[in-house]
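The values are calculated or read from the model by the stated rules, or taken from the named source; none is laboratory data. On a predicted model such as this, the values are computed, not experimentally measured, just so you know. FYI the Cβ positions are ideal-geometry reconstructions off the backbone, even for glycines, and counts take in every protein chain you see.
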Amino acid sequence: MNRYPSWKYALIVIITLIGIIYALPNIYGSDPAVQISSSHGAEISELTELQVSTALDEANIKPMTIELSENSLIIRFTDEETQLKAQGIVKLSLGKNYVVALNLAPSTPTWLRKLGAEPMFLGLDLRGGVHFLMEVDMDAAIRKAEERFISDLRSLLRENKVRYKTIDRKEQGGVLIRFTDAVQQTEGVKLIGKNFRELKLNQVENNFGEAQTLITISEQSIRETKKNALQQNITTLRKRVNELGVAEPIIQQQGDRRVVVQLPGIQDTARAKEILGATATLEFRMVDDEHSVQDAVDGKIPAGSKLYRERDDRPILLKKQVLLSGDSIIDAAYGIDHVNGGPDVTITLDNKGGQIFSRATKDEVGKRMAVVFIETKTETVEQDGEMVRTKETIEEVINAATIKEQLGKRFHITGLDSTQEARNLALLLRAGALAAPIDIIEERTVGPSLGAENIERGFHSVWAGFAVIAVFMIVYYLMFGVTAVVALGVNVILLIALLSMLQATLTLPGMAAIALTVGMAIDANVLINERIREELRNGNTPQASINAGYERAFGTIIDTNITTLIAGMALFIFGTGPIRGFAVVLCLGILTSMFSAVMVSRSLVNLHYGSRRKLTRLAIGDTAWK
């Protein structure tokens, strides 16, 4: 009656062993580490490892280990003080072509890692993760808005045949238009005022008697531009975090120009810093082949053109007018160019961008067009004994090729240094360009917000609750209490294993869900045991009572767990942040508790009592005789 077939026992044993294996990494903790990743095509190789090792030796810093992988170099240390000191030395040693970031590297044994067993992530309120405080460059947002108006003003004046000499942005702000005469100025001012109500127009006097008008953006429009820049950057950061695959991120506005980004439990903080802080975008400009590049290098840059450098440091002269910017890109995918075998990025534009690009390239077939890669970097360097933040904008020409036919919504970018660079560029373009450069003004790998002591208390409270429940169950239900405690232990192991397999992030609300799961799991065993005792009091045989107890309690267990599961799913669907973390742990805990409370405890009872056909007594808190 109370027997399982062999395959059921084997299945339970296999599931329990898998759970133990995948739960094991969580007992090993993590080490303070410095992680090095490449940037701009630089390679991580044994030479990099030697260079880093030499620099650390000269500074008398002894790392625990130095681990070289395909795309990164991880250096482990014994404490955070040594980790911070090593970061500065490694940065100085490697230069700007590498990203050097703090990290918490799991100390999981190699044999477990080969099986794919990794520890679950702990949230910022427990341990692990990275915190960024970012500041949006609002001056750059205003400059970008003014440059956008320059293009619109040129088109408006040309379409209405208003003659002008130049339209240029002034360094101190504003756009200066030089008209051919006063009559054209009057017509132009009237036309601009009618079409651009957010602009202020002021006549400018000069010694040459030229008809000049200075155009500035109104205060209301500036406030709106800043607000939109901040909101667009927050949206773009969320997309980039999604691309990184971070669980339960926190991205929120702080003040009128700052953004807080918390990435709990992230492993590759170097990649997070590179992707989130990058302001990479593309601009498409025509090559100026009408003027001499050498004259431009000598300082004679023609009006309407700008001198750039290609990746091999060769000078190239491009026209200032931007045919298309990265704002119109809706998708980007990296791959291999079938012509030359090098890495490339396939760009897809939105409808408006496709139409603009099609019109812009229609009359330029046979001419050369360049792709300009623009990236802003902010670094903290030591100057005169003080740490100073410096900003550097990198503008380089990825490639310059002849337009063979009119281009549309989809085209390819080649000339990239490596597949890794193509992958990162595609990710940044796919996530969207930032509305304005964003500087990381504070970066730290953080531990628990409540302190290590509170974390220990949190874990101890779970285990203390487990111990109290175990003592009560064993004292009150005797042998059946022992089976319930063993099943409860399996339940906790399986829950931790599932969280580890899913690489979920455990926060304080998640720990509360574990405690709740422990209570619910033992509640199921209480229902079963009480049902068995009731059957015994009704005069049934011990074997029949065991069978009836499990069978009749099963319906009640299913009902209570399903209703709680529905509540947990509702919390996950409609909740955010920590609430969703609580819901995930709760739902997984319900599934593991049903398995452990019913199958595991039943298998143990069957093994102990099922082999004895003439059973006359059950150790379940009552003495029942037949």
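If you go through the range 497-513 and pick out every residue that is crowded, with 20+ Cβ neighbours inside 10 Å and either of a type in the set (Phe, Trp, Tyr) or over 17 Å from Pro264 (Cβ atoms) (or both), you end up with 2. Check the range 528-542 and report whether any residue there is touching an Asp or Glu at 6+ places or on another chain (Cβ under 7 Å) and of a type in the set (D, E, K, R). Yes, the range 528-542 contains a residue that is touching an Asp or Glu at 6+ places or on another chain (Cβ under 7 Å) and of a type in the set (D, E, K, R).
All conditions but one from (1) out of contact with any Gly (no Cβ under 9 Å at 6 or more places or on another chain); (2) in a loop (DSSP other than H, G, I, E, B); (3) farther than 28 Å from Leu230 by Cα apply to Val52; the one that does not is (2).
The residues listed here are Leu214, Leu201; of these, the one that is among the hydrophobic types (A, V, I, L, M, F, W, C) and in contact with a helix residue (DSSP H, G or I) (Cβ under 8 Å, 6 or more places away or on another chain) is Leu201.
Among the residues of the range 3-17, those identified as more than 41 Å from the chain's Cα centre (by Cα), assigned to a helix (DSSP H, G or I) and without any contact (Cβ under 8 Å) to a residue 24 or more places away in the chain are Ser6, Trp7. Considering only the range 308-332, state which residues are touching a residue at least 24 places away in the same chain (Cβ under 8 Å), surrounded by fewer than 15 Cβ atoms within 10 Å (Cβ to Cβ) and farther than 14 Å from Glu395 by Cβ. Result: Gln321, Asp331. Collect the residues in the range 326-358 that are out of contact with any Phe, Trp or Tyr (no Cβ under 8 Å at 6 or more places or on another chain) and polar (S, T, N, Q), keeping them in residue-number order. Of everything in the range 326-358, those that are out of contact with any Phe, Trp or Tyr (no Cβ under 8 Å at 6 or more places or on another chain) and polar (S, T, N, Q) turn out to be Asn340, Thr348, Asn351, Gln355, Ser358.
Considering the range 527-546 alone, what residues qualify as being in a helix (DSSP H, G or I) and in contact (Cβ under 8 Å) with a residue 40 or more places away in the chain?
Across the range 527-546, the qualifying residues are Ile528, Asn529, Ile532, Arg533, Leu536, Arg537, Pro542, Gln543, Ala544, Ser545, Ile546.
Tally time: how many residues in the range 442-476 are of a type in the set (Asp, Glu) and either in contact with a strand residue (DSSP E or B) (Cβ under 7 Å, 6 or more places away or on another chain) or modelled with pLDDT of 80 or more (or both)? Here the count works out to 2.
Is it fair to say Glu67 is surrounded by 13 or more Cβ atoms within 10 Å (Cβ to Cβ) and farther than 14 Å from Leu94 by Cβ? Yes; evaluated as a whole, the condition is true for this residue. When every residue of the range 257-269 is checked against the conditions, at least one turns out to be assigned to a loop (DSSP other than H, G, I, E, B), modelled with pLDDT of 85 or more and closer than 22 Å to Leu133 by Cβ.
Among the residues of the range 562-586, those that are closer than 23 Å to Val485 by Cα and buried (at least 20 other Cβ atoms within 10 Å of the Cβ) comprise Val585, Leu586.
Considering only the range 118-132, I want to know if a residue exists there that is under 23 Å from Ala229 (Cβ atoms) and out of contact with any Gly (no Cβ under 7 Å at 6 or more places or on another chain). Yes, some residue in the range 118-132 is under 23 Å from Ala229 (Cβ atoms) and out of contact with any Gly (no Cβ under 7 Å at 6 or more places or on another chain). Gly326 satisfies every condition listed in (1) small (Gly, Ala, Ser); (2) within 14 Å of Val372 (Cα to Cα); (3) at pLDDT 85 or above except (3). Among the criteria (1) at pLDDT below 85; (2) polar (S, T, N, Q); (3) within 22 Å of Ile514 (Cβ to Cβ), the one Gln543 does not fulfil is (3).
Out of the range 517-534, which residues are at pLDDT 85 or above and surrounded by fewer than 22 Cβ atoms within 10 Å (Cβ to Cβ)? Those that are at pLDDT 85 or above and surrounded by fewer than 22 Cβ atoms within 10 Å (Cβ to Cβ): Asp523, Val526, Leu527, Glu530, Arg531, Arg533, Glu534. Identify, by number, the condition in (1) surrounded by fewer than 18 Cβ atoms within 10 Å (Cβ to Cβ); (2) assigned to a helix (DSSP H, G or I); (3) out of contact with any Ser or Thr (no Cβ under 9 Å at 6 or more places or on another chain) that Val486 doesn't meet. Exception for Val486: condition (3). If we scan the range 490-513, do we find a residue that is part of a helix (DSSP H, G or I), closer than 23 Å to Ser545 by Cα and more than 32 Å from the chain's Cα centre (by Cα)? Taking every residue of the range 490-513 in turn, none turns out to be part of a helix (DSSP H, G or I), closer than 23 Å to Ser545 by Cα and more than 32 Å from the chain's Cα centre (by Cα). For Ile20, the conditions (1) within 30 Å of the chain's Cα centre (by Cα); (2) of a type outside the set (Lys, Arg); (3) surrounded by 16 or more Cβ atoms within 10 Å (Cβ to Cβ); (4) in a helix (DSSP H, G or I) are fulfilled apart from (3). Within the range 165-216, the set of residues being closer than 18 Å to Ile150 by Cβ and among the acidic types (Asp, Glu) comprises Asp168, Glu171, Glu198. Only one entry in Gly432, Gly481 is at pLDDT 85 or above and buried (at least 19 other Cβ atoms within 10 Å of the Cβ), namely Gly481.
Listed by first and then second residue, the pairs with beta-carbon distance under 6 Å, at least 6 apart or on different chains, first residue in the range 394-406 and within 15 Å of Phe357 (Cβ to Cβ), second in a strand (DSSP E or B) and among the small types (Gly, Ala, Ser), form an empty list.
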